[in-house]
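Below: the structure, in C-alpha cells.
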C-alpha cells in the first residue's frame, strides 16, 4: 500500500479555483501547476473549472457562487476513494448479508415510495419550468438503483433535497415574474436568456444524475446547479426594477 | 440516543485495519479510550464482530447501534476535512495540540444496514486530516444520505486546526477553533461559537447561529433563520432567501445582510466609517441603534415612508429612494462640518421593496439590562 504524498494527493477544487483566480502565492501556484501537469484527473478538473468559469462570466453578475468547489470536490473524493491510502474504518463484518424478509419489504417500499417521490418532485419542479422532461427521465432512472434498499433510500433523500431546491427556485421565479412585468422588454429578455442557461445546466446535471441514480457526486452537481440558479434569481429580485443597479447612492 | 445499546466484545475476528505508510505510525500509537461496551485499544486494528443485541422487551423500536472512540496523534496536521452525509458533526477545540479525539456513533434499523456504515480516518502527508462517513451500497462505498441510518461524529481537535465540514441532513456545530471554518450542509442546522478566522457557510435549510467570531463571516442560506451575534471581523455578509436575519453587536466595518422574503434586523452600535447594507425584498428592514447615535447617513429604499425614531434631515429623495442624515450631523453638514467629519459617519443602506424600513433608537441602559 502506498502512502499519499503531496504529489499523488489531488489538488482540492477550492485550491484549483483559487489558482485560476490568481488568489494563491506563487510558491503554491507552482506546486498546483506541477501537479496538474502530471495528473490527468486534475487537468480535467482545471479544464472543467475554466469552462464553467467562462460560461458563467458570460452571464454577467452575479458571479458563480463559491459552492462550486463542492461539486468538483465530490469528483475528487471519488478519485481519492479509488486511490490506495491508509485509513481507519469500520469493518464490513456483515456486509452484503440481507435477509429475504428485508428484501421483500424493500421491494414493496420501492413501488410505493418511488411513486410518491416522483409525484412530489414533479409538482415543485414544474413551477420552475423547462425541466419537466428531465424530471420524467429522472423518475424513470430511479429504477437504476436496483434492489439495494440503502441505495433506494439514499436516492429518495437526494430527490427530496432536489425538490427543496426546485421549490425555492420556483418561489423566487414567481417573485421575479411579478417584478419583471414592470421592466422594459430588453431587460426581461436578458434575464430570460440567463435563466434559460441556468435551466439548461440543471437539465444537464439531471441527466448526469440519471445515469447513476444514488450517486452522491452527480447529486452534488445538480444541487450546485440549483444553487447557481437560486443565487441568480435572488440577486435579480433584489436588484428590482431598472435603475436599482446604481444602488441607493 | 441509543435505544438498544450494543453489548459486544471490543474485538473479534475482523480483518485488521489497513494503514498506509504515512499513517502507520499513528496506528501504532492509538490510545485506548473505553466507550461504553466497545472501544478500540492499542495499535490493534480490531473490528467489531458480534451483531447488535436485541433490545429488552418494551424498549421501543429496534435500533442497532455501534460506536468507536479514538484519540489519534496528529503531529503536523494543519487542516481537517470532515464529510458526513449520514449524520451530524460536532467539532470543538480541546487543550491538546498534537492529537484529536474522535467519537463516532452509528445507528440503524438493522444490524445488516449498520454494518454497511463506515467511518474512515486518513492522515495525509501534506498535513490534512480527513474523516469521512460512507455507506456501502450498490457494491461500493458511497457518500450518500440515509433516512433510517445515521452516523454522528463528535471530534475534539487542536484549536489551530483549520476546518472544512460537510453534512447532508445532520447538524453542524463548531466551537473554539482558531483557524476558521468552512461549513456546508443541505438540511442541518449550523451553529458556530467562539471561532477565530474566516467562517463560510452554505446551507439549503435548517437555520444558522453564528456568534463570537473574530474573522470575516460569509453566510449563505436558502431557507431558515440566521442569528448573528458578537462578530468582530472586517466584513460580515449573510444572505438567505426564505428566513429572517437578526444581527446583534457587529463590530465589522462592512456589513451586508440580505433576505428575500424575510426580515432583516440589526441591533447594536453603529461604528464610525462602517458601511451597513441591509436589504429585503418582502420583509421589514430594521435598524435598532444602541446608545446615543453619533450621526449617520441613511440611504433608504422603501415603497412606504421610512419610519425613524431618530430625527433625520432629508438630503435627496426620488421615488421610493431617499438619502438623509441624522438631524444633528445634518446641521453640521450644512454649516461647519469638515469633509473628515462627514467621512467618519457610518453609512446605513436600508432597502425593502415591499416591507417597511424602520430606524429605532435603543438606550444603552436598556441593552445592558
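Selection of the range A:24-52 for residues being part of a loop (DSSP other than H, G, I, E, B) and either modelled with pLDDT of 70 or more or in contact with a helix residue (DSSP H, G or I) (Cβ under 8 Å, 6 or more places away or on another chain) (or both) yields A:24, A:39. Applying the criterion of at least 1 residues that are at pLDDT 95 or above and under 29 Å from the mean Cα position of the chain (by Cα) to the helices (runs of 4 or more DSSP H) found wholly in the range B:274-369 leaves an empty list.
Of the helices (runs of 4 or more DSSP H) lying entirely inside the range A:131-216, those containing at least 3 residues that are at pLDDT 90 or above and away from chain B (no Cβ under 14 Å) span A:185-211.
Within the range B:67-84, the residues that satisfy the criterion of being within 9 Å of chain A (Cβ to nearest Cβ) and either modelled with pLDDT under 90 or more than 22 Å from the chain's Cα centre (by Cα) (or both) are B:68, B:70, B:72. Within the range B:100-127, the residues that satisfy the criterion of being over 18 Å from residue B:66 (Cα atoms) and either in contact with a helix residue (DSSP H, G or I) (Cβ under 9 Å, 6 or more places away or on another chain) or modelled with pLDDT of 95 or more (or both) are B:100, B:122, B:123, B:124, B:125.
When you scan the range B:139-161, do you find a residue that is out of contact with any strand residue (DSSP E or B) (no Cβ under 9 Å at 6 or more places or on another chain) and closer than 23 Å to residue A:163 by Cα, even just one? Within the range B:139-161 (the criterion being out of contact with any strand residue (DSSP E or B) (no Cβ under 9 Å at 6 or more places or on another chain) and closer than 23 Å to residue A:163 by Cα), the answer is yes, since at least one residue qualifies.
Taking the conditions exactly as written (within 18 Å of residue B:191 (Cα to Cα), more than 13 Å from chain A (Cβ to nearest Cβ) and not in a loop (DSSP other than H, G, I, E, B)), does residue B:165 satisfy them or not? It is false that residue B:165 is within 18 Å of residue B:191 (Cα to Cα), more than 13 Å from chain A (Cβ to nearest Cβ) and not in a loop (DSSP other than H, G, I, E, B). In the range B:146-161, the residues that are free of Cβ contacts under 8 Å to residues at least 40 places away in the same chain reach residues that are crowded, with 19+ Cβ neighbours inside 10 Å with C-beta atoms within less than 9 angstrom, at least six apart or across chains, in these pairs: B:147/A:153; B:147/A:154; B:147/A:156; B:147/A:157; B:147/B:169. The set of residues from the range B:205-238 being in a strand (DSSP E or B), more than 13 Å from the chain's Cα centre (by Cα) and surrounded by fewer than 24 Cβ atoms within 10 Å (Cβ to Cβ) comprises B:214, B:223, B:230, B:235, B:237. For the range B:102-147, taking the residues that are at the interface with chain A (Cβ under 7 Å from one of its Cβ atoms) and assigned to a helix (DSSP H, G or I), the one that is surrounded by the most Cβ atoms within 10 Å (Cβ to Cβ) is identified as B:113. Consider the range B:239-260 and keep the residues that are surrounded by fewer than 21 Cβ atoms within 10 Å (Cβ to Cβ) and within 14 Å of chain A (Cβ to nearest Cβ). The one that is farthest from residue A:170 (Cα to Cα) is B:256. Scanning the range B:72-98 for residues that are crowded, with 19+ Cβ neighbours inside 10 Å and free of Cβ contacts under 8 Å to residues at least 60 places away in the same chain turns up just one, B:72. Entry remark, the range B:168-182: residues being in a strand (DSSP E or B) and either touching a helix residue (DSSP H, G or I) at 6+ places or on another chain (Cβ under 6 Å) or farther than 15 Å from residue B:201 by Cα (or both) number 0 in total. Residues that are at pLDDT below 95, touching a strand residue (DSSP E or B) at 6+ places or on another chain (Cβ under 6 Å) and either under 11 Å from residue B:157 (Cβ atoms) or assigned to a loop (DSSP other than H, G, I, E, B) (or both): does the range B:50-58 have at least one? There is at least one residue in the range B:50-58 that is at pLDDT below 95, touching a strand residue (DSSP E or B) at 6+ places or on another chain (Cβ under 6 Å) and either under 11 Å from residue B:157 (Cβ atoms) or assigned to a loop (DSSP other than H, G, I, E, B) (or both).
The values are calculated or read from the model by the stated rules, or taken from the named source; none is laboratory data. What you see is a predicted model, and the numbers here were worked out from it, not measured in a lab. Here the Cβ is made from the backbone with ideal geometry for all residues, glycine too, and neighbour counts use every protein chain on show.
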